[in-house]
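The block underneath contains the structure these notes are about, expressed in structure tokens.
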Amino acid sequence: MPNISSHMIVALEVGKRININSKEFIKGNLLPDIIDIKDSHHKVESGPYLVPDIDYFLQHLDFSKDINIGYLVHLLLDKHYLEDYLLQLYPNRNIFLDQEVYKDYDYLNYRFVKKYKLDVDYLEEILKDFDCKIKEETLKYNIECLKQQTEGKTKYLDFDSFSDFITNISDTICKELINYADKYSQLSIRIRQ
């Protein structure tokens, strides 16, 4: 799944475009990676990866709540990242197996925070208060990832290419949310406010 900074960038961009900028929406965009449940992503196979089953979540989430819309945005980014970005780069290889991609994430987090002027203190403040059981260590780790100032050469992910993907996929996710809003009345009411 993509790094935390990419989730935050997409959350802020999508939130701006669909007019949902609440703290709950931002939290929802991180929640799938830190929630303390067995399968927060309810995955299905797609090539060498397991990707979120979006249809499952469309049937089970209450879209009258901003946190759940954020949750859906997170899962959509994960799905597109795996199917539309990584599978194009590495069609027959799961780059997560050797753990090296996480070093790329460290380098990319630092550059994304700088490029997109992410307010890490604001994000940390938002992420301090959850109404559900989360993995505290994972949350702390993710916050530290945003604060790291690690520069280096990436092995798997090109900064410019990945940055373009993040920008373009925000557009795609907005379109998908509008499409889903036509089918799910609670989502439609929230997005069209």
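For the reader, a short list of remarks on this structure follows.
- Per residue, the chain reaches -19000 deg cm²/dmol at 222 nm when only DSSP H runs of four or more residues are counted, each adding -39500 (n - 2.57).
- Spin-label model distance (nm) - D84 vs C132, 7 Å beyond Cα toward Cβ: 2.4
- Span-like helix ranges in the chain, DSSP H, alpha carbon extent 15 angstrom or more, Kyte mean at least 0.5: 4-18
- Normalising the average separation of contacting C-alpha pairs (under 8 angstrom, six or more residues apart) by the number of residues puts the relative contact order of the range 12-144 at 30 percent.
- Between E100 and D119, the simple spin-label model (points 7 angstrom out along Cα→Cβ) gives 3.9 nm.
- The loop-placed GluC sites (Glu not before Pro) in the range 94-193, going by DSSP, that have at most 10 neighbouring Cβ atoms within 10 Å of their Cβ come out as E151.
- Shown here for the range 1-73: trypsin sites (Lys or Arg not before Pro) in loop regions (DSSP other than H, G, I, E, B) with at most 16 other Cβ atoms within 10 Å, namely K38, K65.
- Separation in nanometres of the label points that stand 7 Å from Cα toward Cβ, at K183 and D171: 2.3
- Most mobile of K79, K128, K147 in a GNM of the chain (Cα contacts under 10 Å): K128
- Here K133 is the anchor, and the lysines within straight C-alpha reach of less than 29 Å, apart from those fewer than 8 places off in the same chain, are K16, K23, K27, K38, K43, K65, K79, K103, K147.
- Share of pairwise Cα-Cα distances greater than 28 Å in the chain is 21 percent (whole percent).
The numbers here are math on the coordinates, done by the rules we state, and not lab data. A quick note: this is a predicted structure, and the numbers were derived from the prediction, not measured. Cβ: placed from backbone, ideal geometry, glycine included. Neighbour counts: every protein chain shown.
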